[in-house]
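A.B. asks: One structure coming up, written as structure tokens, with questions to follow.
The values are calculated or read from the model by the stated rules, or taken from the named source; none is laboratory data. Note that the structure is a prediction, hence the values are computed from the model and not measured. All Cβ positions, even for glycine, are placed from backbone atoms using ideal geometry, and neighbour counts span all protein chains on display. Note: areas computed on protein heavy atoms with side chains; ligands, DNA, RNA excluded. Shrake-Rupley method; radii C 1.70, N 1.55, O 1.52, S 1.80 Å.
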Amino acid sequence: MAVSRPARTASRTRRPRTADDRRTEIVLQASELFDDVGYHLTSMDDIARAVGLAKPTLYHYFPSKDSILLAIHEEFISILLGRQRQRLERDDRDVSDLLLDVMVDICDLMRTHRGYVRVFFEHHRELPEASRREALAARDAYFDSVRGLFERGRTEGLVTGDPMLSSMALFGMCNWAYQWYDPRGTLTSLDVARYFHRVLLHGVGTPPSRP
């Protein structure tokens, strides 16, 4: 008679949480609190309670609220920079398609990293001075990579205009969208990115009729 094996318990099959897992969870919960309540009104007590940790344990992972804010900035910009660098290393598509990818990246983070977005755009000034310089350097590197696309497009005759102002226009549209975009609505983040892309490259005016 065969003897059935006892079912595995959840404790045997579940991967133990690592320190990195816990840090990721803390950053995620904090970003949502910063988005919902505001950075200044959120305390370390609030974050510890949201994650289910004792406050001294939270300080083991992050020594201050500023350090959590820095982690949000670093993760957010590393996503954008990482995707952009991968594209530029392997992608030979035309500039128009690459600019669309940039706009899709930014707009889609409103869906996948919504809590990070407001923090990234509104609270970088709260970072300590040394950390703020590093964060701004990463932001500048990303901006320069996008401006380089406009410069390349102008050289190739695919776009016109000033690369600096064109880059500012792209970021002005995409970076502000978190103020009104609702991922639960009828528009997807891809819809928004494609519309912005069309406006950026072709405008909204009606082409003049030929005589």
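A.B. asks: For region 193-210, state whether one or more residues are open to solvent by 50 Å² or more (accessible area, probe 1.4 Å), at pLDDT 90 or above, closer than 22 Å to Leu81 by Cα and in a helix (DSSP H, G or I).
C.D. replies: Scanning region 193-210 turns up at least one residue that is open to solvent by 50 Å² or more (accessible area, probe 1.4 Å), at pLDDT 90 or above, closer than 22 Å to Leu81 by Cα and in a helix (DSSP H, G or I).
A.B. asks: Same structure, new question: Suppose the filter is part of a helix (DSSP H, G or I), under 16 Å from Ser96 (Cα atoms), open to solvent by less than 80 Å² (accessible area, probe 1.4 Å) and not aromatic (Phe, Trp, Tyr); does Gly148 pass it? Don't jump to the end; show me each part of the working.
C.D. replies: Numbers: part of a helix (DSSP H, G or I): yes; under 16 Å from Ser96 (Cα atoms): yes; open to solvent by less than 80 Å² (accessible area, probe 1.4 Å): yes; not aromatic (Phe, Trp, Tyr): yes.
Here the answer is yes, as Gly148 does meet what is asked.
A.B. asks: State the number of residues belonging to region 33-49 that are surrounded by 14 or more Cβ atoms within 10 Å (Cβ to Cβ), within 22 Å of the chain's Cα centre (by Cα) and assigned to a helix (DSSP H, G or I). Give the steps one after another, and end with the answer.
C.D. replies: Going through region 33-49, the residues surrounded by 14 or more Cβ atoms within 10 Å (Cβ to Cβ) turn out to be 33-35, 39, 42, 44, 46-49.
Filter again for within 22 Å of the chain's Cα centre (by Cα), leaving 33-35, 39, 42, 47.
From what is left, the residues that are assigned to a helix (DSSP H, G or I) are 33-35, 47.
So the answer is 4.
A.B. asks: Pairs please, first residue from region 69-88 and within 14 Å of Ala141 (Cα to Cα) and open to solvent by 30 Å² or more (accessible area, probe 1.4 Å), second anywhere and part of a helix (DSSP H, G or I) and of a type in the set (D, E, K, R), Cβ atoms under 9 Å, 6+ apart in sequence or on different chains.
C.D. replies: If the second residue must be part of a helix (DSSP H, G or I) and of a type in the set (D, E, K, R), the pairs left are Glu74/Glu134; Ile79/Asp105; Arg83/Asp101; Arg83/Asp105.
A.B. asks: Quick one: which residue in Leu109, Leu98 is under 19 Å from Val27 (Cβ atoms), crowded, with 16+ Cβ neighbours inside 10 Å and hydrophobic (A, V, I, L, M, F, W, C)? Step through it out loud before you land on a result.
C.D. replies: Working: Leu98 fails: under 19 Å from Val27 (Cβ atoms).
That would be Leu109, the only listed residue that is under 19 Å from Val27 (Cβ atoms), crowded, with 16+ Cβ neighbours inside 10 Å and hydrophobic (A, V, I, L, M, F, W, C).
A.B. asks: Another question, then. What's the number of the condition Gly157 fails, among (1) open to solvent by less than 30 Å² (accessible area, probe 1.4 Å); (2) assigned to a loop (DSSP other than H, G, I, E, B); (3) over 14 Å from Ile106 (Cβ atoms)?
C.D. replies: (1)
A.B. asks: Mind checking which residues of region 50-60 are open to solvent by 50 Å² or more (accessible area, probe 1.4 Å) and in a helix (DSSP H, G or I)?
C.D. replies: Lys55, Pro56, Thr57, Tyr59, His60
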